[in-house]
Amino acid sequence: MNLKEVPGWRDTVARHWRDMTAYLLALSEPCIGIRDDELEAIKKNRVLVGLEPAALRTWRPSGSWFMAVLLCPGDDLQPVIDWVQAHDVDAGRIHFYIHKAKDVHNFMAAWHEAGLPTEDVDAGIPDWKHLHHLFGLHLSDHILADALQ
């Protein structure tokens, strides 16, 4: 869904942002720092929760949710793949933000091989300022889609 194609999307998102919980998962530094900076910047503007990789063992999303996965060089995406497959998670609610643009193929190859959708990826995210804008747009898109269902 493209936000700008929906008349009044800003009002709809403003009315429903509290209905969705957004999760930020980071596996290693410097992505953990980027996640933490985003959590600090957002504060109480959204329902936003930082996730640690260990949480995937027991966490099950419910209701309206969206997850951002921040990936840095050396991160292993397999635990996220295993979590999605083991719990029949809607992979379309996950968006990847890759620290270095050159690492896109390395990360997404395993995701693709697992038969999961690979269109929700942005690369070249060096800091929280770059993440913040994109994450906000993607989160708003999911809020809008859920509100219109």
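Throughout, read-outs are computed from the coordinates displayed, never taken from laboratory work. The model shown is predicted, which means the values in this text are computed figures rather than measured ones. Cβ atoms come from the backbone with ideal geometry, glycine included; neighbour counts cover every protein chain shown.
Quick look at the numbers
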quantity: Pairs, first within 16 Å of residue 28 (Cα to Cα) in region 91-111, second of a type in the set (Asp, Glu), C-beta under 6 Å, six or more apart; calculated: 97/122
quantity: Of residues in region 53-74 being in contact (Cβ under 8 Å) with a residue 40 or more places away in the chain and either surrounded by fewer than 10 Cβ atoms within 10 Å (Cβ to Cβ) or over 15 Å from the mean Cα position of the chain (by Cα) (or both), the one farthest from residue 94 (Cα to Cα); calculated: 74
quantity: Whichever residue in region 34-52 is among the acidic types (Asp, Glu) and surrounded by 12 or more Cβ atoms within 10 Å (Cβ to Cβ) and, among such residues, is nearest to residue 147 (Cα to Cα); calculated: 38
quantity: Conditions (1) farther than 14 Å from residue 144 by Cα; (2) without any contact (Cβ under 8 Å) to a residue 40 or more places away in the chain: number failed by residue 27; calculated: (2)
quantity: Selection count, region 15-51, where residues are among the aliphatic types (A, V, I, L, M) and in a strand (DSSP E or B); calculated: 9
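So that you can scan it fast, the table gives a plain yes or no per residue for (1) crowded, with 17+ Cβ neighbours inside 10 Å; (2) in contact with a strand residue (DSSP E or B) (Cβ under 8 Å, 6 or more places away or on another chain); (3) not β-branched (Val, Ile, Thr):
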position	(1), (2), (3)
77	yes, yes, yes
90	no, no, yes
94	yes, yes, no
97	yes, yes, yes
105	no, no, yes
109	no, no, yes
131	yes, yes, yes
143	yes, yes, no
